[in-house]
Every structure is written in C-alpha cells, then in structure tokens.
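Everything on this sheet refers to the single structure shown next.
The values are calculated or read from the model by the stated rules, or taken from the named source; none is laboratory data. A quick note: this is a predicted structure, and the numbers were derived from the prediction, not measured. No Cβ is skipped: glycine too gets one built from the backbone with ideal geometry, and neighbour counts run over all protein chains shown. What goes into the accessible areas is simple: the full protein's heavy atoms, side chains included, and nothing from ligands, DNA or RNA. Shrake-Rupley method; radii C 1.70, N 1.55, O 1.52, S 1.80 Å.
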Amino acid sequence: MKRFLYIGLITACMLTACSDYLEEHPKDRIPEEQAYEDAVNLYLNTVAVLYNYIGGYEDSQGLQGTYRGLYDLNTFTTDEAMIPTRGSDWYDGGFWQALFTHDWASSSSIQATWEYLYKVIVLSNRSLEQLEQHAHLLSAEQYESYTAEVRALRAMYYYYLLDMYGRVPLVLSSNTSMSDVKQSSRSEVFHFVVNELQETLYSLSFEHSNYQGDYYGRITMPVSCFLLAKLFLNAEIYTDDNWTDSVIPDVSQPIFIIADDMKVNAWEAVVHYCDILEALGYQLEDIFTNNFSVHNESSRENIFTIPMDPNLYINQMQNLFRSYHYQHAAAYGFGGENGSSATLETLATFGYGTEEEDMRFFWSFYYGPVYDLDGQDVILQSGAPLEYQPTAIKLDLSGSVYEQTAGARMKKYEVDKTAPKDGKLMNNDIVLFRYADVLLMKAEAKVRNGENGDEEMNAVRERAGMGYRPATLDNILEERKLELMWEGWRRQDLVRFRQFTRAYTDRPMLENEESGYTTVFPIPGDVVMQNPNITQNYGY
C-alpha cells in the first residue's frame, strides 16, 4: 500500500514573530467531528497527515529536495559544494556567496527553515492532543503505536533544530502563547530528543520504511535508531551549552542510559544503535548506485527516504536540475539552471585527475565531456561539445572563459527519463538515511573510544572498489565525503570534527569565527525582537 497523502486539515502558526504566534489557522477544514469520527479517520488526520511535510514543493519546505532550506544550509555552507556566480546567473543579491562564506546573519532562508521545522512540530503537538482526546476510538495498542510515531517524528524535527540552531524553545503544545515560550539550553533539547526516541523506540514498527507497503516513508524503529546514533555521535557538540568558550563536554564517561538502564559513554551508545540496525537486516547494496536508481525502493541499504512518484506525491527533487548546464539538461529533455558544483577541496578529496582517483567520483559527478542518454556529445549553442572544467571552479566566475562550464556537477541519482517538470518529479526516492552512514558512524565511534574501526570503514571502501585505509579520524572524515557527497551531511560532519570555521578556497575566516559562533545559525531576528524570553545565539 502506498503512503497516505492527504491535505492537512489544520495548520498552526509557525514559531516566528507574527502577531498570531502559534495560533491555529484553519486550511481546507472539514468538520472536526468528521475528521475524528472513527479510528481510520483519526489515524489519517493525526499521523498520516504529518508525512505531507517530509518532502516539499516550495522553497525551504521539506527535509530535502527544495531550495533554500535544510539541504542548502547544510551543503553550500561547507567545503563540499558551492553555487558560483556566473555572470548574471546565480548572484541573487549575493545570497549564495554569503551562504558559502558564512555571512548569513540576515538570511531569509534561515528564518524560513526555522518556520518550516516549527510548523511540523506544532502540527505534531496538535496530533498528539487529538489522539489523547479521542483515545476512546482506539485500542490500547493503536493508541500506543500512533502516539509513538508522532512523538518520534516530532523528535526528528527537534533534532534538526538542535543541530542547526542550538538553543531553541521546546514547544510541546499547539496552544502555547508567546509569553509562555521559553528558550531551552542545547543540552536540554538534546536530552529531550534522546528521551523521546528511546521511550517510543519499541512501540514503533520494526519494518524497513524505504520498502513499499504499509510503512513506506514512515518513522519506524530503524529510523529512530539511526537518529539516536546520530545524536550520540554528536553528543560532544549537542551537550555544549556555550560552543564559543572552548570548553568541550566530556562524553567519554558512562553518563548516558540505553537499554535495560545500562550506562554507557556516547561512543558506546552509537555502536549500540548501529548494531541494532545491522540486526534488523540492513546491509550495503552490492552496487553503490542501486541506492539512487529510478525505483530504488528495494534498496537493502536505504533506511529513510522521501517517497517520490509524480502520480501520487508533489515532492520535488530540484538538486540535479539546479546543477545541469542548460544544454546538458536539454539533452535529457529537461530544463537546467547551471549551478551547483564541487569545490576544489572536494576534487582533492576524491583525488580527481590523479592515479588515486576514487571510483565514487565517476558515480557522483559529471565532469569533462558530457553525453546524452544515447551516448552522443552534448553540444553547446556555439556548436562545440560541452565539457565541464572541474578545476576552473571559483565562487565568482563572472568574465571567466569557463563562466558557464566550470565545475563538476551533481550526478548521484540515475536520470529518470520519464520524470515531468524538468526531471524534478522523478521516481527515485530521495535518500535521507542509509546503512553506509551507519558503518561510518560505528567506525568513528570506535576510534573515538580508543578502538579499531578499520572493519566498518573498509567495508564501505571495498564496496566502492577502493583499497584498504586505516580508520583514523582524518581518514573517516574524508571517507564520509567520498561516500556521502551530495547527501546533506557535510556541515554537521565539519562541525563535529572542529573544521567548519577554517578558511578554504574562496572562503576566508570571518572576524572572531575561530570562536565557533558560526557552527550554529542565528535565531531569526524577528523571533528575538518579539519575544523577550529568547536571546540571540552567541556571536551574532
């Protein structure tokens, strides 16, 4: 059975400075007694409805696939990729350059992303309230599983807020007034998210939610295990209430509780949740590209995906469209925007142009001469063949002879020749969490705990046809880029490895950036101005 798709019956004001802060705004409302008249409708309008927001169609909406939202804030702020200015293209008031150089204090996308995350949280709160109010319609088992699913989904959205904004309000009611909203410390939010995921873990289905069926695209136990592994992997960051004072919390002591009240350190907790995912049957696909193919629902590796089907969902995947040169896209029958490209740092990591070039460079990028789906040269309007120039990339290409062709472009997903809307409504499900990341998390946790992570890291390398490397922290960080390029993890990885604020090509350090203040985004200015209970993040 396909994932349910229903228009939201209620929406809530997002956590912003609007005068009707956190108040309900009806949209496409049907009578409430009809929405919650029986167990089926109660499920559809409290649980299933929330999955409409995992993917997106407009800017800053959805967890991935749209512009100026979570994905862009976690990708184009790093040494992984950039959207360079190409003459009159991609300047956009300096937006993309500011994103790359960390000069984002007034960025509208930072506020829009905050609003999106809190919108889903408030909708989740509303769902929990309706489930409690109408619990008499459900069996005890149904009530437990439905509330667990909503709580876990809400916890996932708080995980993104915790990661990106640090000190954020914990809003646990859909009727919270502005005066009652209080800012929580980062460590408090961390412990809340961990507790919510742990408390609900065994009330969730054990099913693989990337497979089509009743749990397709839903939060299941494996999804929560992945999130718990991520939380503990970043515990040193997430339990730090002042990330600018150079004092790092010690998470190597057994201060965290997991199954059966066992006390472990953060790295042991990571291994625990990674091992559960292995026991649940996840494994590396034999072929790397199978995870990103058209109709990739059968992947044994993907853990959480955004379901894509142009006939059923309105979710968009714009990242490929944004990267193709115009003529490249036209050769597929699509449009393109000639934008996002790999940085020089990424080329160096992949060993581009050397004898040590990683096999995954070919699977992740278009570079050099470009061909259509029949293997014929893509021809520029000048009549010359299109040839991407990876090493010519820089943040402002205006006036360069390579203005239109500089940069290695995104290739990771197989081209869906049938996809409408310039390929943006493709049938490839968007990959959010996968097992290769689990193995790399486990390798890193073991190394940080003084153990050997060679087996896990080299399993990922072997699948890619690459030789043995020792699992040092430096090698693991490189391996994460090699394996997870274009998947939206680079900012978090650089923050955890204390490398996010360093200077690199076309990005000098900002004044005082060595303090680490840019490792979280600023809380939107309007929120701070309108709510005396909320103060701005350090350094802004």
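Just a few scattered comments:
- Residue within region 271-289 that is open to solvent by 20 Å² or more (accessible area, probe 1.4 Å), small (Gly, Ala, Ser), within 19 Å of Asn195 (Cβ to Cβ) and without any contact (Cβ under 8 Å) to a residue 40 or more places away in the chain present: no
- When Leu380 is tested against the conditions (1) in contact (Cβ under 8 Å) with a residue 40 or more places away in the chain; (2) out of contact with any His (no Cβ under 9 Å at 6 or more places or on another chain); (3) of a type in the set (A, V, I, L, M), the lone failure is (2).
- Checking Arg491, Arg502, Arg496 one by one, the residue that is over 26 Å from Gln318 (Cβ atoms) and under 16 Å from the mean Cα position of the chain (by Cα) is Arg496 and no other.
- Qualifying residue in region 340-347 (condition: farther than 21 Å from Asp474 by Cβ, modelled with pLDDT of 95 or more and either surrounded by 22 or more Cβ atoms within 10 Å (Cβ to Cβ) or within 23 Å of the chain's Cα centre (by Cα) (or both)): yes
- Near pairs, Cβ below 8 angstrom, 6+ apart or cross-chain, from region 91-120 (free of Cβ contacts under 8 Å to residues at least 40 places away in the same chain) to any residue that is of a type in the set (D, E, K, R) and part of a helix (DSSP H, G or I): Leu99/Asp72
- Qualifying residue in region 198-213 (condition: closer than 30 Å to Asn512 by Cβ and either touching a residue at least 40 places away in the same chain (Cβ under 8 Å) or surrounded by 16 or more Cβ atoms within 10 Å (Cβ to Cβ) (or both)): no
- A search for C-beta distances below 8 Å between a residue of region 512-534 that is more than 28 Å from Arg502 (Cα to Cα) and open to solvent by 40 Å² or more (accessible area, probe 1.4 Å) and any residue that is part of a loop (DSSP other than H, G, I, E, B) and among the small types (Gly, Ala, Ser), counting only pairs 6+ apart in sequence or on different chains, returns Asp526/Ala17; Met529/Ala17; Gln530/Ala17.
- Scanning region 449-461 for residues that are among the acidic types (Asp, Glu) and surrounded by fewer than 22 Cβ atoms within 10 Å (Cβ to Cβ) yields Glu451, Asp454, Glu455.
- Residues of region 76-104 satisfying the condition of being open to solvent by 10 Å² or more (accessible area, probe 1.4 Å) and closer than 18 Å to Met509 by Cβ: Gln97, Ala98, Thr101, Asp103
- The sole residue among Lys394, Lys446, Lys442, Lys424 that is open to solvent by less than 40 Å² (accessible area, probe 1.4 Å), charged (D, E, K, R) and more than 25 Å from Tyr282 (Cβ to Cβ) is Lys424.
- In the set (1) over 20 Å from Tyr51 (Cα atoms); (2) free of Cβ contacts under 8 Å to residues at least 12 places away in the same chain, Leu231 fails one condition alone, (2).
- In region 462-498, residue most open to solvent (accessible area, probe 1.4 Å) [restricted to those that are more than 27 Å from Asn265 (Cβ to Cβ) and part of a helix (DSSP H, G or I)]: Glu462
- Filter result for Ser107 (surrounded by fewer than 18 Cβ atoms within 10 Å (Cβ to Cβ), of a type in the set (S, T, N, Q), more than 29 Å from Cys225 (Cβ to Cβ) and at pLDDT below 95): no
- Region 168-186, subset open to solvent by 10 Å² or more (accessible area, probe 1.4 Å), within 25 Å of Pro522 (Cβ to Cβ) and touching a residue at least 60 places away in the same chain (Cβ under 8 Å), residue nearest to the chain's Cα centre (by Cα): Gln183
- Residues of region 234-270 satisfying the condition of being free of Cβ contacts under 8 Å to residues at least 12 places away in the same chain, in a loop (DSSP other than H, G, I, E, B) and farther than 26 Å from Phe521 by Cα: Ile255, Met262
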